[in-house]
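The values are calculated or read from the model by the stated rules, or taken from the named source; none is laboratory data. All figures in this text were calculated on a predicted structure; none of them were measured in a lab. Cβ placement follows ideal geometry from the backbone for every residue including glycine, while neighbour counts extend to all protein chains displayed.
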Amino acid sequence: MTSAAELRAVDVRCSAMDLGISGKRAAVAASSGGLGLGVARALAAAGCRVAMNGRDPDRLADAVAGIDGAVAIPGDVGTEAGATDFVRAAADQLGGIDILVTNAGGPPAGTFATTPLTAYAEALELNLLSSVAMCHAAVPAMREQRWGRVVAITSISVRQPIGDLILSNTARAGLTGFLKTLALEVAADGVTVNSLQPGLHATDRLQALGGGLERMAQSVPTRSLGDPDDFGRIAAFLCSESARFVTGTALPVDGGSHRGLQ
């Protein structure tokens, strides 16, 4: 049986693994909390210089204070203009962008019957067009330098639509189609494009949806919610040199909640 001390030693060795991205410049959208913050922490731990973003300047400042060398870029990346401005500001402050992590909050809950047609345009801008805008602002320079990483945080709802979240289900599925197409177009330029599909993680967004975190945890095969910092380390690996042959993938990170074979 493996002792607790041996497990801790393995964890230390894994956390110290060189991902080959030390010194790379990373822009992480919507990273003042939740999964975005977990990704920012992981990339910083791998030696990246990180530009972080959030709508609340005070909350963002608190998040940045906990990460050495990180810079704060307040703003709303849920709009095309805000998303573009974030990437441009990050490139200015970092001297360029090697790694882009797209992310945004989720639209309101609702079903087909309760969601008006007018709500779809805003949801598509939030969870589809904002990420497209970030890619337009960052990817051309990555292609020119022949190295780049794009990781989009989407949702397990792309594979298995979630009840009462029709707007999120619709917009994120569209984003996944865009990302797959982009991956094929830029692969020969040394740029990889992947997405992570989180299930239930212990975040403020999940708590805001209601239903009780403990009850939600029991619905996951692992009987636990995901840890944003663990999620961040998976994202950091996709940005690594070792993952240069991984592109066009959409990886579930959901504790086994998705029941399909694909």
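Criterion applied to A243, A171, A217, A188 was being of a type outside the set (D, E, K, R), in a helix (DSSP H, G or I), out of contact with any Asp or Glu (no Cβ under 6 Å at 6 or more places or on another chain) and touching a residue at least 40 places away in the same chain (Cβ under 8 Å), and the one residue passing it is A171. In this structure, does T84 turn out to be part of a loop (DSSP other than H, G, I, E, B) and within 24 Å of S168 (Cβ to Cβ)? No.
Taken over segment 58-113, residues that are more than 26 Å from A183 (Cβ to Cβ), touching a helix residue (DSSP H, G or I) at 6+ places or on another chain (Cβ under 6 Å) and charged (D, E, K, R) amount to 1. Selection of segment 191-202 for residues being under 14 Å from the mean Cα position of the chain (by Cα) and either assigned to a helix (DSSP H, G or I) or not hydrophobic (A, V, I, L, M, F, W, C) (or both) yields N194, S195, Q197, P198, G199, H201.
Could you check how many residues of segment 103-127 are surrounded by fewer than 21 Cβ atoms within 10 Å (Cβ to Cβ) and either without any contact (Cβ under 8 Å) to a residue 60 or more places away in the chain or aromatic (F, W, Y) (or both)? Total satisfying the criteria: 15. The condition (being under 19 Å from G36 (Cα atoms), polar (S, T, N, Q) and modelled with pLDDT under 95) is satisfied by just one residue among S195, S157: S157. Residues that are part of a helix (DSSP H, G or I), more than 20 Å from S157 (Cβ to Cβ) and not charged (D, E, K, R) within segment 87-138 comprise V87, A89, A90, A91, Q93, L94, A133, M134, C135, H136, A137, A138, listed in sequence order.
Candidates are the residues of segment 205-228 that are among the polar types (S, T, N, Q) and surrounded by 12 or more Cβ atoms within 10 Å (Cβ to Cβ); the one that is modelled with the lowest pLDDT is Q207. When segment 58-75 is filtered for residues that are under 12 Å from S32 (Cα atoms), touching a strand residue (DSSP E or B) at 6+ places or on another chain (Cβ under 9 Å) and in a loop (DSSP other than H, G, I, E, B), the ones remaining, listed by number, are I67, A70, G75.
So is A152 closer than 20 Å to A235 by Cβ and within 15 Å of the chain's Cα centre (by Cα) or not? Taking the combined requirement at face value, the residue satisfies it.
Among the residues of segment 27-57, those that are assigned to a helix (DSSP H, G or I) and either surrounded by 24 or more Cβ atoms within 10 Å (Cβ to Cβ) or free of Cβ contacts under 8 Å to residues at least 60 places away in the same chain (or both) comprise L35, G36, L37, G38, V39, A40, A42, L43, A44, P57.
Of the residues making up segment 235-262, just one is of a type in the set (F, W, Y) and surrounded by 13 or more Cβ atoms within 10 Å (Cβ to Cβ), namely F237.
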